[in-house]
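Asker: Please read through the structure below; I'll follow up with questions.
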Amino acid sequence: MAEVAVFETVRDMRAAVAGWHAAGEKVALVPTMGALHEGHIALVSEAQKHARRVIVSIFVNPTQFAPHEDFKKYPRTFDSDRAKLAQVGADAIFFPPVEEMYPPGFASRILLLGPAAVGLDDRFRPTHFEGVATVCCKLFTQSRADLAVFGEKDYQQLKVVARMAADLDLGIEIVPLATVREADGLALSSRNRYLSAEERALAPLLHRVMQALAARLRNRDDLFRAVGEAQSEIITAGFELDYLEARHAQTLAPVTSLADGPIRILVAARLGGTRLIDNIAV
Ligand code: AMP
């Protein structure tokens, strides 16, 4: 199994990328916060289909966490992450310390409109996407990668990042990948490890309810009634529901009927202290 190079500085990463580009090799970036699972590994495999070289960044980005969120306790598992990336044949890990990304005096953020301001996760995490966009913009320009792969699991994030990359002419292609799930339908997430056994048993209900809702909408059931009943089912099961909504799959604007489609259903709900998000195409 080949060793994976680990770069802690932008300078080292750029030197490697410059060498690959000089050899005519395409470079893909897979941004992550570590605690890697099969969903992340699927992103790496997808990246390898598009590019000869794949860099995985592992950075728990403080600017996308609100003060009350789980930045401090977010799982950090670098050694096992590195072993998994060696196994899948990733070329390099970008693993910068916080000061490399945010040196003293750092004072910039990206202001987002469009899909970042549609009243979904942005309503519950008001500073989250500007943190995500800022760090992704930095990672894209730091790496000079040709493309970056993002999971549909974080669907609003995918739309926000794709919009930003296009709007700011960052010269990077954003490649989406379908959500990887457990056998019972629960979307893989680094945060699933926070769930108690009881919560874990309940968690797949979210996906089941969304599948049933998507089927109802495809059968032209009344959108407001079907969405309302799905919301009630989730709340009755014991989740605290932040939102469950049918939105336009591209713009994330509200929709009132199937004719406004293509439609994506998006959900965020909490079980105990753990916030789960998921989405599904109609
Ligand atoms: P994270 O480490 O949670 O910030 O996620 C890093 C990347 O992995 C993002 O592009 C996520 O959308 C993606 N991702 C996370 N979970 C999954 C999953 N279950 N299936 C596919 N991609 C995922």
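Asker: Restricting to strands (runs of 3 or more DSSP E) lying wholly in region 237-282: which have 1 or more residues that are open to solvent by 60 Å² or more (accessible area, probe 1.4 Å)? Walk me through it before giving the result.
Answerer: Working: elements: 240-248, 263-271, 274-281.
Filter on region 237-282 gives 240-248, 263-271.
Asker: Can you tell me which residue within region 104-157, out of those that are among the charged types (D, E, K, R) and free of Cβ contacts under 8 Å to residues at least 40 places away in the same chain, is farthest from the ligand (Cβ to nearest atom)? Spell out the reasoning first.
Answerer: Residues of region 104-157 that are among the charged types (D, E, K, R), as a first pass: 109, 121-123, 125, 130, 138, 144, 146, 152-154.
Add one more test, that the residue is free of Cβ contacts under 8 Å to residues at least 40 places away in the same chain, and what stays is 122, 138.
Details: D122: 16, K138: 15 Å.
Only one residue fits best here, namely D122.
Asker: Which numbered condition trips up L195, out of (1) within 30 Å of A28 (Cβ to Cβ); (2) in contact (Cβ under 8 Å) with a residue 40 or more places away in the chain; (3) surrounded by 15 or more Cβ atoms within 10 Å (Cβ to Cβ)?
Answerer: Of (1) within 30 Å of A28 (Cβ to Cβ); (2) in contact (Cβ under 8 Å) with a residue 40 or more places away in the chain; (3) surrounded by 15 or more Cβ atoms within 10 Å (Cβ to Cβ), only one is false for L195: (1).
Asker: Could you check D70 against (1) open to solvent by 40 Å² or more (accessible area, probe 1.4 Å); (2) within 14 Å of the ligand (Cβ to nearest atom); (3) modelled with pLDDT under 95 and say which number it fails?
Answerer: The failed condition is (1).
Asker: Here is a follow-up. Here is a list of conditions, (1) open to solvent by 10 Å² or more (accessible area, probe 1.4 Å); (2) farther than 22 Å from A249 by Cα; (3) touching a strand residue (DSSP E or B) at 6+ places or on another chain (Cβ under 9 Å), and S108 meets all of them except one; can you say which number that is?
Answerer: It fails just one condition, (3).
Asker: Residues of region 158-190 being open to solvent by 40 Å² or more (accessible area, probe 1.4 Å), within 8 Å of the ligand (Cβ to nearest atom) and not in a strand (DSSP E or B), which ones?
Answerer: Scanning region 158-190 gives A178, V180.
Asker: List the number of the failed condition for K49; all other conditions in (1) closer than 15 Å to G89 by Cβ; (2) free of Cβ contacts under 8 Å to residues at least 40 places away in the same chain; (3) open to solvent by less than 70 Å² (accessible area, probe 1.4 Å); (4) in a helix (DSSP H, G or I) hold.
Answerer: Result: K49 passes all but (3).
Asker: Open to solvent by 20 Å² or more (accessible area, probe 1.4 Å) and touching a strand residue (DSSP E or B) at 6+ places or on another chain (Cβ under 7 Å): does that describe A18? So that I can check it myself, show each step before the final result.
Answerer: Numbers: open to solvent by 20 Å² or more (accessible area, probe 1.4 Å): yes; touching a strand residue (DSSP E or B) at 6+ places or on another chain (Cβ under 7 Å): no.
No.
Asker: Being open to solvent by less than 30 Å² (accessible area, probe 1.4 Å) and in contact (Cβ under 8 Å) with a residue 40 or more places away in the chain is the filter; apply it to region 52-67 and report the residue that is farthest from the ligand (Cβ to nearest atom). Please lay out each step first, then the result.
Answerer: Keep residues of region 52-67 that are open to solvent by less than 30 Å² (accessible area, probe 1.4 Å), which gives 54-61, 63-66.
This time we only want the ones that are in contact (Cβ under 8 Å) with a residue 40 or more places away in the chain, so: 55, 57, 59, 61, 63-66.
Working: I55: 13, S57: 9, F59: 9, N61: 8, T63: 13, Q64: 9, F65: 11, A66: 15 Å.
Only one residue tops the list, namely A66.
Asker: Consider region 198-236. How many of its residues are closer than 13 Å to I265 by Cβ, open to solvent by 50 Å² or more (accessible area, probe 1.4 Å), within 25 Å of the chain's Cα centre (by Cα) and not small (G, A, S)?
Answerer: 3
The values are calculated or read from the model by the stated rules, or taken from the named source; none is laboratory data. Small disclaimer: the values here were computed from a predicted structure and weren't measured. Every residue, glycine among them, receives a Cβ derived from its backbone with ideal geometry; neighbour counts consider all protein chains shown. With ligands, DNA and RNA removed, areas are computed over all heavy atoms of the protein, side chains included. Shrake-Rupley method; radii C 1.70, N 1.55, O 1.52, S 1.80 Å.
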